[in-house]
Structures are given as C-alpha cells and as structure tokens.
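Shown below is the structure under consideration.
What follows draws every value from the coordinates through simple rules; no lab data is involved. This one's a predicted model, so the numbers in the text were calculated from it and none came from an experiment. No Cβ is skipped: glycine too gets one built from the backbone with ideal geometry, and neighbour counts run over all protein chains shown.
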Amino acid sequence: MTRLSYRKHFIPGAILLALGACANGEENVLFVTATQIDIGYDSSLGNANIGYDRNEFVVGPQYVETGGTPPIVSDMKSDLSVFNPKINQLYATGNAALIATGGAPDPDIGESSKLKGERRVMFFGTGTSFGLNIKFQSEIPTAVSLGYKRKELSVIPLNKSAGRKPDQVDKYGSTFARIEMNGDFSAPSKTSVPLKQFFATGSAAENLAANPDLKHEVTQRAINQAATMTLSNIDAVVLCVSPGTGTMTPEQIASWQALVDDTPGLDDTTRSRFKGSDSAEKVRVNLDRSPDPANAIATQMRTNTGKYCKGAA
C-alpha cells in the first residue's frame with residue numbers, strides 16, 4: 001500500500017491569532033492559503049483515493065474612491081497523480097504579485113494612483129474540497145465515486161450612502177478566482193486529476209484576467225458550452241414539433257409555422273426557410289444551419305409548449 005500526504009495549512013487556533021492581530025482590515029492585509037492533499041493506493045484491494053482541500057482568503061483595505069486593492073496572488077498546480085505526484089504552488093504580494101502575473105512592478109506600490117483615499121475593509125475568499133475513490137479489478141475501473149464542493153465569497157465596499165452625490169460613480173475593486181480540474185481513471189498507473197487554481201486581487205487580478213492563455217481557455221469553454229446548449233435546444237425543438245422522422249402531420253406543420261412566426265428577431269428569409277420544413281429531418285437541418293435562430297426558437301417554444309408541441313399527438 002502506498003500513501004502520500006501533503007499539507008500546508010494553519011491550525012484553527014493560528015488563524016484566530018492571525019485574525020486577532022490583523023483585526024483592523026483597514027490598516028493590515030491578511031492573506032492566508034491552506035492546502036491539504038491526500039493520495040493513496042492499496043494494491044491488495046485495488047483501491048485508489050485522492051483527496052484535495054484548499055482554502056484561501058484575504059482581508060484588507062479597499063480604497064473606495066479609486067477601486068484600488070492591494071495586489072496579491074496565489075496559485076496551486078498539481079497533477080494529483082497516484083504514483084508520481086507533482087505540486088507547484090505560488091504565493092506573492094505587492095510588486096512580486098504584479099510581476100508574477102505578467103505585469104510591471106509599481107515603483108511606489110504603497111502610493112500608486114489607486115491605493116489612496118478612504119479605506120474600508122474588503123473580504124475575498126474561496127474554499128474547495130474534492131474527493132475521488134476508484135476501485136480497480138485487473139487494471140479496469142469497476143467503481144468510481146467523486147465529490148466536489150466549491151464556495152466563493154467576496155465583500156467589496158463601495159462609497160457610503162451618506163453624503164453621496166447622485167452622479168457619483170462607484171469604483172468596484174478587482175478580484176479573480178479560477179479552478180480547472182481534469183481526470184484520467186483508465187488504469188491505476190494513469191490515475192490523476194490535473195488541477196490549476198488561481199486567486200488574486202487588485203492589479204494582479206486584472207493581469208490574470210488579461211492573460212491571453214487564460215482568456216483563450218475561458219473563451220473556448222464558452223464556445224463549447226454554447227455549442228452544447230444549441231444541440232440540446234435543437235433536440236428539444238425537433239422532439240416538440242415532430243418526434244418521428246417522416247413527414248409531419250398538418251397539425252404539426254401548423255404548430256411549427258406558428259412557433260416560427262411567434263419567435264422574435266428572425267429575418268424574413270430565415271422565417272420563410274424554416275416554415276418550409278415539413279419533416280423532422282428538414283427542421284433539424286435548418287436549425288443546425290442557424291444556431292442563433294435555433295436558440296431563439298427554443299426559447300419561444302418554452303413559453304407555451306402546449307401551443308407549439310404537437311409532436312406527441
């Protein structure tokens with residue numbers, strides 16, 4: 001049986017002492033990370049276990065007139081591999097945080113244009129728990145149990161209401177938190193859960209948000225999610241108007257045409273093309289060719305399924 005345990009955390013008493021020492025968040029910055037990783041494999045039972053727990057938070061001043069927040073950053077990267085785990089962790093504040101996130105150091109970090117004026121306490125924190133248990137028989141996974149829990153919280157002060165001018169603009173401070181996890185459970189020797197986790201405030205958060213690699217990943221994920229949503233919507237519309245593959249009945253055609261007519265935002269050409277569909281196959285082909293109209297039609301369909309959904313008739 002092999003087992004690895006990695007811990008980097010503060011016992012609750014130590015956290016309370018630190019909080020007591022830094023109780024005035026307007027004059028101090030308290031930045032805490034706490035990580036626990038447990039990895040185990042029992043070859044006699046064919047059981048692999050991976051546990052990950054991480055908490056990170058910052059309590060410090062927010063400059064409400066400028067939206068400035070002291071820059072801090074932490075990131076945690078690991079493959080959480082059962083047999084060859086790798087861990088890479090970063091913790092930085094001030095100019096080090098700016099440099100670590102790809103920005104330029106501020107020669108007067110304590111007097112930068114954003115870190116001045118009225119200060120009020122802000123809080124930003126996340127908590128992540130992940131657990132995985134896999135049972136193998138003859139190198140084949142036969143049972144998998146996975147749990148994931150994530151909490152994120154921020155309290156960002158704005159200008160006080162008292163004496164506030166109607167046209168006064170609030171400055172909202174920047175925070176950034178992100179986690180990504182993937183997994184491979186195909187065999188005991190390949191079992192791993194690569195993860196990347198980021199946490200930052202102030203200019204460091206803005207640097208991370210502007211990072212082209214991270215922006216590309218977020219954009220690609222949004223594209224994939226949009227594509228999945230569109231396919232789901234197309235399936236729903238086709239099932240609504242005609243669950244079969246043959247020619248639609250006159251009642252189904254009338255309901256489909258009414259749905260197209262009632263859907264706002266469609267141009268005349270698209271509307272005419274859609275209304276010419278007389279079978280489930282033609283409806284699907286037309287929807288596949290026009291993702292945005294397809295989503296609009298699905299939205300309209302859900303407003304009155306009794307009127308439009310004659311497919312089950």
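How far is it, in nm, from the label point at residue 288 to the one at residue 88 when both lie 7 Å from their Cα along the line to the Cβ?
Result: 4.1 nm between the two label points.
Okay, moving on. What are the ³J(HN,Hα) couplings of the stretch 291-301, residue after residue, when phi is run through the Karplus curve with 6.51, -1.76, 1.60 and θ = phi - 60°? Round to Hz, x for glycine and proline.
Working through the residues one at a time gives x, 5, x, 4, 5, 5, 5, 5, 5, 5, 4 Hz.
Return the FRET efficiency for the residue pair residue 38, residue 254: r is the Cβ-Cβ distance, R0 is 51 Å, and the value is rounded to the nearest 0.05.
The calculated FRET efficiency here is 0.25.
Set the Förster distance to 35 Å, then compute FRET efficiency between residue 172 and residue 304 from the Cβ-Cβ distance, nearest 0.05.
Efficiency computed from Cβ-Cβ geometry: 0.35.
With the Cα gyration tensor of the stretch 265-313 giving a ≥ b ≥ c as the square roots of its eigenvalues, does the rule (a/c under 1.5 for rounded; else a/b larger than b/c for prolate; else oblate) give rounded, prolate or oblate?
Cα axes put the stretch 265-313 in the oblate bin.
Assuming a strict under-30 Å limit between Cα atoms, what lysine pair count do you get for the stretch 122-208 once near-sequence pairs (fewer than 8 apart, same chain) are dropped?
Qualifying lysine pairs in the stretch 122-208: 12.
Something else about it: Taking H as built 1.01 Å from N, whose amide H comes closer than 5 Å to the amide H of residue 122, not counting residues under 5 places away?
60, 62
Place a point 7 Å from Cα of residue 120 in the direction of its Cβ. Which residues in the stretch 37-61 have their backbone N less than 20 Å from it?
Residues 58-61 fall inside that zone.
Step through the residues of the stretch 261-278 one at a time and calculate ³J(HN,Hα) from phi using the Karplus curve (6.51 cos²θ - 1.76 cosθ + 1.60, θ = phi - 60°), rounding each to whole Hz and writing x for Gly and Pro.
After applying 6.51 cos²θ - 1.76 cosθ + 1.60, I find 5, 7, 6, x, x, 8, 7, 4, 5, 5, 4, 5, 5, 5, 5, x, 6, 10 Hz.
Here's something else I'd like to know. Computed FRET efficiency, Cβ-Cβ of residue 155 and residue 210, R0 25 Å: what is it to the nearest 0.05?
That gives a FRET efficiency of 0.55.
Return the sequence-ordered ³J(HN,Hα) values of the stretch 204-209 in whole Hz as given by the Karplus equation 6.51 cos²θ - 1.76 cosθ + 1.60 applied to θ = phi - 60°, using x for Gly and Pro.
5, 5, 5, 4, 5, 4
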